1. Would segment 129-141 turn up any residue that is within 28 Å of His274 (Cα to Cα) and buried (at least 17 other Cβ atoms within 10 Å of the Cβ)?
2. Could you run through segment 79-110 and say how many residues are among the hydrophobic types (A, V, I, L, M, F, W, C) and either closer than 30 Å to Phe314 by Cβ or within 25 Å of the chain's Cα centre (by Cα) (or both)?
3. With the requirement that a residue be farther than 17 Å from Ala240 by Cβ and of a type outside the set (A, V, I, L, M, F, W, C), what does segment 151-176 give you?
4. Sort out which residues of segment 334-353 are more than 18 Å from the chain's Cα centre (by Cα) and part of a loop (DSSP other than H, G, I, E, B), and write them in order of number.
5. Quick check: anything in segment 77-91 surrounded by fewer than 19 Cβ atoms within 10 Å (Cβ to Cβ), out of contact with any Gly (no Cβ under 6 Å at 6 or more places or on another chain), outside any strand (DSSP E or B) and free of Cβ contacts under 8 Å to residues at least 60 places away in the same chain?
6. Please go through segment 92-124 and give me each residue that is surrounded by fewer than 17 Cβ atoms within 10 Å (Cβ to Cβ) and either of a type in the set (A, V, I, L, M) or at positive phi (or both), ordered by number.
7. Which numbered condition in (1) closer than 30 Å to Met345 by Cβ; (2) touching a Lys or Arg at 6+ places or on another chain (Cβ under 9 Å); (3) among the basic types (Lys, Arg); (4) assigned to a strand (DSSP E or B) is the only one that Arg251 fails?
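The values are calculated or read from the model by the stated rules, or taken from the named source; none is laboratory data. The model shown is predicted, which means the values in this text are computed figures rather than measured ones. Note that each Cβ is placed from the backbone with ideal geometry, even for glycine, and that neighbours are counted across all protein chains shown.
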Amino acid sequence: MSKRLLLVLIAFSLVAASPGTFPTQESQGFRKGVTVAGIREHQAALQAIADTNGGSRVAGADGFDASAEYVHDKMVAAGYNVSYQEFEFLFVGDKTPPVLQRITAPAASYVDGIDFGTMSYSGSGDTTAPVTAVDLVLPPGPVPNTSTSGCEAADFSGFTAGHIALTQRGTCTFRTKTTNAFTAGASGIIIFNEGQPGRTAVIFGTLSPPPVSGPSVGTTFALGQALANGVTNGPTGITARLRTDTLAEVRTTRNVIAETPTGDSNHVVVVGAHLDSVTRGAGINDNGSGSATILEIAETYASQGRTPRNQLRFMWYGAEEFGLIGSTYYVNSLTQAERDRIELMLNFDMVGSPNFVRFVYDGDNSAFPVGPGVAAGPPGSALIEQVFVEYFDEMGLASAPTAFSGRSDYGRFIAVGIPAGGLFTGAEGAKTAAEAATYGGTAGQQYDPCYHLACDTYANVSLTGLDQMSDAAAHAVLLFSKRNFEQAPLVTP
């Protein structure tokens, strides 16, 4: 065989082979170096930072700044080109704890963080008024997203100004519901969870900026159903007190960006995780798990002396919990030419949930078709999904698709056509009996019972799930760092 023919056959095999195929033995040495002990060391550091900063690492406050400095210094020590990307954002939160009470007998006071919570970008106010149901679906319809409660201005036809609007999670954004409610003259709004399995816990929602004009809270399905009092549309016969005392002020925070000093900068692989927590807790699963995992991967890549074909860009985003602000700022700061040089984005947000499932983002939308609450995966996202699924299959581990819901930092990337994918172990959703049979754990319990709560601490992590998901993440990072995108692009022309 001639040398020229041999080269042609090799090139053909690179393109013709299944594009997601990358045998696990090729990443074995790398995965062995990415240890749970290393990840836990970083999580312990983040916990210590939270402990000395009021129990939180929220963006715009000292706990986050210390977290960013920790990551920055670790990446400098590992030999990466590291920078901060600072930006301003509107910091919103509770100035004093919110209040939600039932005044009508039997009177009751509900617990902040357990029964209800202030919506991000809620306004302030204190109202005691009748509760009026707005186009509710009781009992809830099938999964997912069946309720259109409050989604149309017409839903508030006949609504009495000054009443508190009771609406239900569903097919439109929380912002749409609140806008329609306050336009109709509501003195406050309560949005309760939809009610299907996995959609019963308290909603810690984000309305998006700017703040709305009055008090807005999310609640559990059980509390919403109790306040509805059997009424799906109109006055429920219950009077409630709703009080929020919020602040909204411009603060500065930052993204941390660490790039390999070598690798083709015309073919960039972004590996991202958000670094901030919510105000209520340390956020060691959400998202100290993803942040610590990619930090350990980056350190291991450097310590093993690996030279990437493609430039790796590790990113820790700020202000994700305020509405994906850091990742949005980053993507918006890029020129089109700079966006075109990004081959893909890998997202790792919550990869150690205590009641975990091995979820893989549904890049081809085969399990979750595009529709309300589900975004399209840009071409190439299917191959990223395939890489993770093939990895788990080869390791003898089950996995399941999860929707591109837009709830994490991949959202802005896919919005501008950059392929994305990643892993997720579950948040406030409830594990099904079938999932418990496959993955272990407890059916009917949230994937992360401490999601957005003070108990999301160093103890709130499944070491088994963290081990399995970090190995899969390491496998994918190594694969894409080595991939010849000229001969084997994510999308065949």
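1. No; the residues of segment 129-141 include none that is within 28 Å of His274 (Cα to Cα) and buried (at least 17 other Cβ atoms within 10 Å of the Cβ).
2. Of the residues in that region, 6 qualify.
3. Initial filter on segment 151-176 (farther than 17 Å from Ala240 by Cβ): 151-158, 169-176.
Within segment 151-176, Glu152, Asp155, Ser157, Gly158, Arg169, Gly170, Thr171, Thr173, Arg175, Thr176 qualify.
4. Leu334, Thr335, Arg341
5. Yes: segment 77-91 contains one or more residues that are surrounded by fewer than 19 Cβ atoms within 10 Å (Cβ to Cβ), out of contact with any Gly (no Cβ under 6 Å at 6 or more places or on another chain), outside any strand (DSSP E or B) and free of Cβ contacts under 8 Å to residues at least 60 places away in the same chain.
6. Ile103, Ala105, Ala107, Ala108, Val111, Ile114
7. (2)
Conditions (1) in a strand (DSSP E or B); (2) charged (D, E, K, R); (3) free of Cβ contacts under 8 Å to residues at least 60 places away in the same chain, marked per residue:
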site: Thr160; (1), (2), (3): no, no, no
site: Thr179; (1), (2), (3): no, no, yes
site: Gly195; (1), (2), (3): no, no, yes
site: Leu242; (1), (2), (3): yes, no, no
